Amino acid sequence: MTSSPNADEAIDTAAIEAFAAQYGDRAAHLPPVSIVIAAFNEEGVLGSVVESLPPSLCGLTTSVIVVSDGSRDGTVAEGRAHGALVCDVPVNRGQGAALRLGYRLARAGTARYIVTTDADGQYNPAEMERVLGPVVSGEADFVTGSRKLGSQETKDPVRRLGTWVFAVTISVLTGQRITDSSFGLRAMRAEVTGAVRLEQPQYQSSELLIAVLARGFRVLEVPATIHKRQVGESKKGHNVLYGLHFAGVIARTWWRERQRRGPRSATASSTASAGRPAGGPAGSRAHAAEPLARAEPMASATRAGSAPAAGDGPAAPDGRAAGADGRVDPRSAKRT
């Protein structure tokens, strides 16, 4: 995995250029909904996952973007054979880096909404409409499924305990009740992914969730199901190591967002939350108002550039923070 922002930007730029060259107008003019999947060595299962995805959601046409994160098997060919737009990244960097690139491709192709799911078939495609619906209707900016509100087939007591502990931790840190911090089936307005800072190459679900909450976007959880993996092995690794890394990402992201807002903003946020019942219902509005980034045309996405600065304000095309110009309050953003 790479750690240098400049190296990551070079990899992303090359991958985007190859993607644009291969798919041309299809990549530049995507349907309203992009279903983004990160895949690493998922030959034998990815094809069936892509085939099961709905051609439309909430009355809107979908496309499938698969980011192959350094796969060494037939993942790329299998995804393309089943109709997905596959971005073939030769370097294995992690699910977070792959999804960040997928968000960038969706924005560059002018998709209005992004839905994420995993390449291993653990999430039910029939539940995508439930997840995307509140975003399309303007009720929320970001919606995540929750196994706590829905159901799960795993019997692993350590994983179940970890899910609960991390959800409680994020709830305490952000002041909004969260029941599941690592669910892979999510939906969001595409520009939300460009307005938050995303830098974790792995264990990215908590970073995305905390950043979205910290920047004041409306977040909802809906009941959803996670199934047992039927083919292959989980890439998450041993429970203890996974838990330690996940906890580290939560701590670093929360501290980063707290530093970004500063003591004055933190005090104002605490004052605002004081009038709200503790542990309010999932889906209540977060406090801070932050800017939205504009969708980036595919032509400009393929330009090479230096790594973005880690400042406040709208994010650069890869999701990292950029300058403070062009601020737009998400509450005043146009809803589709």
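Here are the numbers for this structure:
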read-out: Residue among GLY194, VAL172, GLN204 farthest towards the positive dipole end of region 165-212, charges placed on Cβ; value: VAL172
read-out: Sorted by Cβ density within 10 Å, fewest first, the residues ASP69, ASP118; value: ASP118, ASP69
read-out: Derived scalar couplings ³J(HN,Hα) [region 26-39; Karplus, 6.51 cos²θ - 1.76 cosθ + 1.60; whole Hz; x for Gly, Pro]; value: 4, 6, 7, 10, 7, x, x, 10, 10, 8, 9, 10, 9, 9
read-out: Largest-first principal axis extents of the Cα set of region 27-159 (Å); value: 44, 40, 24
read-out: Ranked list, fewest to most other Cβ atoms within 10 Å of each Cβ, for HIS227, HIS29, HIS82; value: HIS29, HIS227, HIS82
read-out: Residues ARG160, ARG218, sorted so that the one with the fewest Cβ neighbours within 10 Å comes first; value: ARG160, ARG218
read-out: Sorted peptide list for 147-153, 106-112, 176-182, criterion being average Cβ within 10 angstrom, highest first; value: 106-112, 176-182, 147-153
read-out: For LEU149, distant residues with modelled amide H under 5 Å away; value: ALA224
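Each reported figure results from applying straightforward, stated rules to the coordinates on display, with no laboratory input. From a predicted model like this one, the values you see are computed outputs, not experimental measurements. Backbone-built Cβ (ideal geometry, glycine too); neighbour counts: all protein chains shown.
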